[in-house]
Structures are given as structure tokens and as C-alpha cells.
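The values are calculated or read from the model by the stated rules, or taken from the named source; none is laboratory data. Note that the coordinates shown come from a computational prediction; the quantities given were computed from them, not determined experimentally. Neighbour counts are summed over all protein chains in view; Cβ atoms, including those assigned to glycine, are modelled from backbone coordinates with ideal geometry. These accessible areas exclude ligands, DNA and RNA; they are computed on the full protein's heavy atoms, side chains included. Shrake-Rupley method; radii C 1.70, N 1.55, O 1.52, S 1.80 Å.
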Amino acid sequence: MSTASDSGTSGTTYVVVDGENIDATLGTAILQARPAPDQRPRWERVLAFAQKEWGQDVKGLFFLNASSGSLPMSFVQALLAIGFQPIPLSGESYEKVVDIGIKRTLEAIAGRAGDVMLVSHDGDFAGELATLVEDPTRRTGLIAFREFTSTALSGLIGQGLQTFDLEHDVNAFNVQLPRVRIIPLDEFDPTRYL
């Protein structure tokens, strides 16, 4: 991704990814199986989308649960290569380390300038995200599968939270996912169902 000095922009969009939540939603709710490699999001497209959508530099933060003591090194190296900062967290078995890390990060962002795109469906972040949405000096967005977004997060849309569908707006997949979602009539393509 470009830097502020070479792009002429001065703002930053923090792209905060809840990898566990996206993977679980994709595998459990959409595919009902472990995603094949070609069914996984192309994370570089998420960064490119955020940069293009809001026209400024991005800082990608990808949270991982490393409580087992091991890291998926090939995935970590791939994240680094495309511009994400992997954040592998560990803790006790009863701790939701990724959620705690994201909550702390959103709280820290609230104390500085910058826009935020959260990639998650998890309502546990509604309080921290609401604080960011209420700040008139920043843009706040949510990237998710719309039909699986928690009601706590959806409730922030009326307050100014922008939403983007991971598949249809971001185009983060190489394959069409077998989703059942509400289709706006102007997007309906009957040939897809024939």
C-alpha cells in the first residue's frame, strides 16, 4: 500500500480483522464445511478496497488466536507480504483473546485520528464501535457478510456506520459463495439460478 508521503493523503484507515469470526462464519454458516483454499477471502483485496473506498492509506491489523503456542507461519508470512500486521495473541483457555485484543485496539484508536473498518460480525465490539461512530471527525465502517451481522452492530447503521459486504462490495472471493441473502431487485440476475 502507498504511504502518506507518496500518495498525497494524510489520513489512515485502520482495517481491523477478526479472522476467527470471519473464518467461523464462512465455514459454519455459509459452506457448512472447512473452506477450501479457493473459498477463502483474498485479504489483499480487503486492503485495496479500504484504500480505494476512502481514498487514503491503510493499516491492516489481523488478529489471530495463538493460545496453542504455535503460529500458522505460512499464513502469517502471506499476511505480512500483502501488507497486514499479524497480531497473534495468547491467553488463558477461558479468555477470548482475539476479542479482547480487538476491543483494546478500537479503544486505542478512539484516542487518535484515523478512520476504521472492522471486519467482523461480532456484537461484542458494538460498544467500542459506537464510540468511534459517534466521533464526527472519523469514518467508521463494517465489512462482513450482511446477513450474519449481529443486531448490535446493525443497530449502529442508523447512527452513521457504513457497511460493506465482504463478497459483493469488496469482491474478496474468487468463487461465488452459496449464500442465501436478500437481493435488491436491481441486482437480481435470474441466470444465476437457472
| request: Would you mind checking which residues have amide H under 5 Å from residue 15's amide H? H placed 1.01 Å from N; only 5 or more apart, or other chain. | output: 59, 60, 61, 117
| query | Relative contact order, percent, of the chain when contacts are C-alpha pairs under 8 Å separated by at least 6 residues? | reply | 25 percent
| task | Return the percentage of antiparallel bridges among DSSP beta bridges fully within segment 1-130, rounded to the nearest 5 %. | result | 0 percent
| request: May I ask for the percentage of alpha-carbon pairs in segment 13-142 that lie more than 20 Å from each other? | output: 47 percent
| segment 51-110, relative contact order [Cα under 8 Å, separation at least 6], % | 36 percent
| request: In debye, nearest 20, what is the charge dipole magnitude of segment 35-134 about its Cα centre with +1 on Lys and Arg Cβ and -1 on Asp and Glu Cβ, if you could check? | output: 320 debye
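Could you check how much of the accessible area of the chain is carbon and sulfur, as a whole percent, using a 1.4 Å probe?
It is 53 percent, rounded to a whole number.
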| Quick one: which of 102-108, 173-179 comes out on top by average Cβ neighbours within 10 Å, and what's the full order, highest first? | 102-108, 173-179
| Probe 1.4 Å, protein heavy atoms only - accessible area per residue of the chain in square angstrom | 52 Å²
| request: Order the following by accessible area, largest value first: 115, 135. Probe radius 1.4 Å; ligands, DNA and RNA are ignored. | output: 135, 115
| Once amide H atoms are placed 1.01 Å from N in the peptide plane, what residues at a sequence separation of 5 or more from residue 170, or on another chain, have their amide H within under 5 Å of its amide H? | 165
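Provide the net charge surrounding residue 174, with neighbours chosen by a C-beta distance below 14 Å and charges set as Lys +1, Arg +1, Asp -1, Glu -1.
Around residue 174, the surrounding residues sum to 0.
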| Whole-percent pair-distance distribution, where bins are 10 Å wide, for the alpha carbons of segment 140-194 | 20, 49, 26, 5
| note | Placing one equal point scatterer on each C-alpha of segment 58-126 and summing with Debye, one gets log10 I(q)/I(0) at q = 0.12, 0.15, 0.20 Å⁻¹ equal to -0.35, -0.55, -0.94
